[in-house]
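Below you'll find the structure, written out as structure tokens, and then a few comments.
Read-outs: derived from the displayed coordinates by stated rules, not from any lab. On a predicted model such as this, the values are computed, not experimentally measured, just so you know. Heads up, the Cβs are rebuilt from the backbone with ideal geometry, glycines too, and the neighbour counts pull from every protein chain shown.
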Amino acid sequence: VNTSAYFFKKTQELIDFKEKRHQSFEYGRYGNPTTVVAEEKISALEGAESTLIMASGMCASTVMLMTLVPAGGHMVTTTDCYRKTRMFIENFLPKMGISVTVIDPADADGLEAALNKNKVSGIESGSLVFLDLSFYFYFGNDNSSFRVNSDSIQVSLFFTESPTNPFLRCVDIERVSKLCHSKGALVCIDGTFATPLNQKALALGADLVLHSATKFIGGHNDVLAGCISGPEKLITEIRTLHHVLGGTLNPVSCPDLNLSYSFHGVLHVFVKLKCSLPNHQRHEDTASSCTATEFNSIKDGQSFRGTS
């Protein structure tokens, strides 16, 4: 459905819509029937209550971060990440007073140590938890650091890619989710390089899973898109900000996403992962985070299985 606006047959129908007695689409930036179909398909693939599709993976990442990490707050991320994501975290989030702890993707002990430094104060705001902390923030190849002291910084989110871009390092999603949840922090996994075919981040304990659908979900280099899936409550919060900021995917692109993911995209990612992951030096980590497929080594006949 390629339209920017929708109409109501009469004034009473509009009033009923505004007072939530009548369901309808209102404006193209707020939703589209074709987009909803694509979102429902991705939700089914992820086992999620809700999905929001946006204009790009970076749009999904930035809107998610601005929704879940409040001004003056704190988040944890990993050293390996997409360069533009890193630029946003490093250069733009500090303008909102947001500070970041950066750890190695495989350093679950480092994550646990960072979480243990933060004392939960018990003051809650929606799904976020206020924490008292004093920490160091490290970012950049020069190992520069500065110390931040605060009596009430919101530590709300651990955000990482798994596998990471570009080094394909995998995070033990189940372990980090348990660690973060024990301290009241949310977990968002960027699963772009795995896709829902090979990794079920939500089933492993993550609160949200994000994709640049431009990559393997799109499959054949003809569409820009991003998506984020998770509980209805969190996706609704993200959707509310998305409606303000924009970044809406043209509904004309949605059928390309659906068809390519069902046929071309799945075959492409399966072949790529089959060729690369079994011989990867960190395939043990991959086995603990990827699901629903067996990777066989073309070179030496070895194989391993992900959890099912």
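Considering the range 1-54, and only residues there that are touching a strand residue (DSSP E or B) at 6+ places or on another chain (Cβ under 7 Å) and aliphatic (A, V, I, L, M), the residue that is nearest to Pro196 (Cα to Cα) turns out to be Ile42. Of the residues examined, Lys84 is one that is within 14 Å of Asp190 (Cβ to Cβ), surrounded by fewer than 22 Cβ atoms within 10 Å (Cβ to Cβ) and either more than 14 Å from the chain's Cα centre (by Cα) or not hydroxyl-bearing (Ser, Thr, Tyr) (or both). Residues in the range 30-39: is at least one at negative phi, surrounded by fewer than 18 Cβ atoms within 10 Å (Cβ to Cβ), more than 14 Å from the chain's Cα centre (by Cα) and of a type in the set (D, E, K, R)? No, because not a single residue in the range 30-39 is at negative phi, surrounded by fewer than 18 Cβ atoms within 10 Å (Cβ to Cβ), more than 14 Å from the chain's Cα centre (by Cα) and of a type in the set (D, E, K, R).
Residues in the range 69-81 that are surrounded by 18 or more Cβ atoms within 10 Å (Cβ to Cβ) and in contact (Cβ under 8 Å) with a residue 40 or more places away in the chain: Val69, Pro70, Gly73, His74, Met75, Val76, Thr77, Thr78, Asp80, Cys81.
Exactly one residue out of Met66, Met54, Met58 is surrounded by 23 or more Cβ atoms within 10 Å (Cβ to Cβ) and touching a residue at least 40 places away in the same chain (Cβ under 8 Å): that is Met54.
Tell me the helices (runs of 4 or more DSSP H) entirely within the range 1-81 that contain at least 1 residues that are over 18 Å from Phe92 (Cβ atoms) and among the charged types (D, E, K, R).
Numbers: elements: 11-18, 33-46, 57-68.
Result: 11-18, 33-46.
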